[in-house]
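Here is the structure we will look at, set down as structure tokens.
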Amino acid sequence: MRKDNSRWLILTDIHANLPALEAVLATPEARRCSRVISLGDQVNFGPKPREVLQRLRGLDAILLRGNHEDRLTRVDDFPGYGYGILRFTAEQTPGEDYALPLDFRAGKALFTHGTPGDPWHLVDAATVAPVLDTLPDGVTWLISGHNHVTWRVARGGRTAFNPGSVGVDENGVGGMASFAVAEELDTAPRVTRFTVPYDVERVRRDYLETGAAAACPEMTRAILQTMRTGEPWLGLRFARFVAETAARLGLTPEDEAAWREADLAFDGWTEKGVSAREVWGIGNA
């Protein structure tokens with residue numbers, strides 16, 4: 001298939017989900033693109049960080065820094081139990097330089113993770129419009145990731161666009177990877193979103209085979225359930241419930257006991273009445 005030099009493949013929030021990435025790359029839309037850009041959160045949460053980075057580098061992809069890469073530049077600042085998957089990611093990618101660029105401009109488009117210069121700034125369709133007013137002269141498109149939900153907002157001749165997540169999409173449909181293709185960025189940009197199904201059960205096996213599931217069974221349970229259902233904000237809801245549980249028990253959110261207690265009491269699980277360790281089949285050690 002002939003590649004088009006004006007077409008960019010836009011990926012974001014892959015989160016070390018190799019089957020989802022491979023499904024995207026196999027689509028005819030992706031195969032026609034000559035340039036690849038990944039808007040951050042290439043890794044963490046998922047079980048295959050090393051393999052995802054290798055695959056992206058093999059494509060000569062432009063990699064931006066997400067909030068998860070930012071955490072990985074200072075892993076020691078996150079010692080709590082719930083950051084076990086972060087430490088797993090660091091162990092799987094020794095020597096990796098995660099101090100990646102925050103933004104990248106191509107023609108009339110500016111690519112970033114959260115908002116320009118800040119990979120942690122979480123915006124959505126209701127809050128992104130004012131950010132458009134701060135863009136540099138000549139930029140008519142802001143293309144970002146971070147919140148795993150698709151949106152497109154126009155204001156004053158400019159457009160903000162989020163394609164959704166490749167690896168942990170939260171648009172309400174399970175087992176789907178979201179991505180986008182951009183064309184004619186130098187003249188009249190056009191950006192189109194696509195989705196493709198992937199094998200979530202393969203990801204589940206990857207979690208077990210790599211040991212990622214055991215790094216923090218409760219957090220990886222939430223991530224896998226989101227992959228299966230596409231339910232928005234599940235991981236954030238659970239993390240907040242952990243904090244509430246810790247406060248009730250006189251613990252901190254860094255304590256393993258708070259995570260285990262919250263896991264048993266959380267009302268958002270699709271598998272009721274069982275612990276994360278039972279869900280994964282890894283015992284209580």
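Taken one residue at a time, the phi angles of segment 54-68 give Karplus couplings (6.51, -1.76, 1.60, θ = phi - 60°) of 4, 5, 5, 5, x, 8, 6, 6, 7, 10, 9, 8, x, 5, 6 Hz. Gly and Pro are set to x. As a calculated quantity, the FRET efficiency between R87 and A126 at R0 = 45 Å, using C-beta atoms, amounts to about 0.85. Close amide H pairs (under 5 Å, H built 1.01 Å from N) link V36 with L9, I62, residues at least 5 positions away or on another chain.
Karplus-based coupling profile of segment 262-267, in residue order and whole Hz: 5, 4, 6, 9, 5, 8, with θ = phi - 60° in 6.51 cos²θ - 1.76 cosθ + 1.60 and x standing for Gly or Pro. Does segment 1-152 come out rounded, prolate or oblate by the C-alpha gyration tensor, with a ≥ b ≥ c the root eigenvalues, rounded set by a/c under 1.5 and, if not, prolate when a/b is larger than b/c and oblate if not? Since a/c reaches 1.5 but b/c is at least a/b, the shape of segment 1-152 is classed as oblate. Potential lengthening of the chain between A154 and W233 amounts to 26.0 nm, from the contour at 0.36 nm per residue minus the alpha-carbon distance. Inter-label distance, R205 to Q54: 1.8 nm, where each label sits 7 Å from its Cα along the C-beta direction.
Using only Cα coordinates, the Kirkwood hydrodynamic radius of segment 212-280 works out to 12.0 Å.
Taking +1 at the Cβ of each Lys and Arg and -1 at the Cβ of each Asp and Glu, which of G273, T245, M227 sits farthest along the dipole of segment 212-280 towards its positive end, judged by Cα position relative to the Cα centre? Looking along the dipole axis, the top candidate is M227. Cα centroid separation, segment 225-258 to segment 151-172: 26 Å. What FRET efficiency do you get for R32 and D77 if R0 is 51 Å and r is their Cβ-Cβ distance, rounded to the nearest 0.05? That pair, R32 with D77, gives E of 0.75. GNM on the chain, alpha-carbon springs under 10 angstrom: the most fluctuating residue among G145, G174, G80 is G80. Calculated mean residue ellipticity, 222 nm, the chain: -9500 deg cm²/dmol, from DSSP H runs (n ≥ 4) at -39500 (n - 2.57) each, averaged per residue and rounded to 500.
Radius of gyration (Cα atoms) of the chain, expressed as a multiple of 2.2 N^0.38 Å: 1.00.
In order along segment 190-207, the phi-based Karplus estimate (6.51 cos²θ - 1.76 cosθ + 1.60, θ = phi - 60°) of 3J(HN,Hα) comes to 10, 10, 10, 8, 9, 9, 8, x, 9, 8, 5, 5, 5, 5, 4, 5, 4, 4 Hz; Gly and Pro are listed as x. Among beta bridges identified by DSSP and lying wholly in segment 4-197, the antiparallel ones come to about 65 percent. Site pair E254 and K272 shows an inter-label distance of 3.6 nm when each label is modelled 7 Å from Cα along Cα→Cβ.
Rule-based calculations on the coordinates, nothing more; no lab input. Everything numeric in this text was worked out from a predicted model, so none of it was measured. Positions of Cβ are generated from backbone atoms using ideal geometry, with glycine treated the same way; all protein chains shown enter the neighbour counts.
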